[in-house]
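Scroll down for the structure; my scribbles are underneath it.
No value in this document is a laboratory result; all are computed from the given coordinates. Quick caveat, the model's predicted, so the values are computed rather than measured. Here the Cβ positions follow ideal geometry from the backbone for every residue, glycine too, while neighbour counts run over all protein chains shown.
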């Protein structure tokens, strides 16, 4: 399995999107204690490490899957944060 194939598989993973949406939704509760950036960064890394641990792919090394997962999560979190910001802006 090539790197592009792994990236495409991870970008379309609904579990990854749901977990990142949960991180973004819980972030305002933790923002007072930890700050915004550390909370989001910890969630990004957590999701990137948990999914390859729970669902290992025999053809891909863990570190490769985790590194590509970090890139994938950063892209998806950027999109989700944009949507979250628009929803909050139009809601108020």
Practice problem: At 37 °C and 0.692 mPa s, grab the translational diffusion coefficient of segment 53-92 from Stokes-Einstein with a Kirkwood Rh over Cα pairs, rounded to a whole number in µm² per second. | Solution: 272
Quiz item: With axes computed from alpha carbons, what is the tilt in degrees of helix 14-34 against the longest principal axis of the chain, rounded to the nearest 10 within 0 to 90?
Solution: 40
Exercise. Evaluate the distance, in nm, between pseudo-label points positioned 7 Å from the Cα of residue 74 and of residue 87 along their respective Cα→Cβ axes.
Key: 2.5
Self-check item: Coordinate range along principal axes, alpha carbons of the chain, Å, largest first
Solution: 47, 26, 16
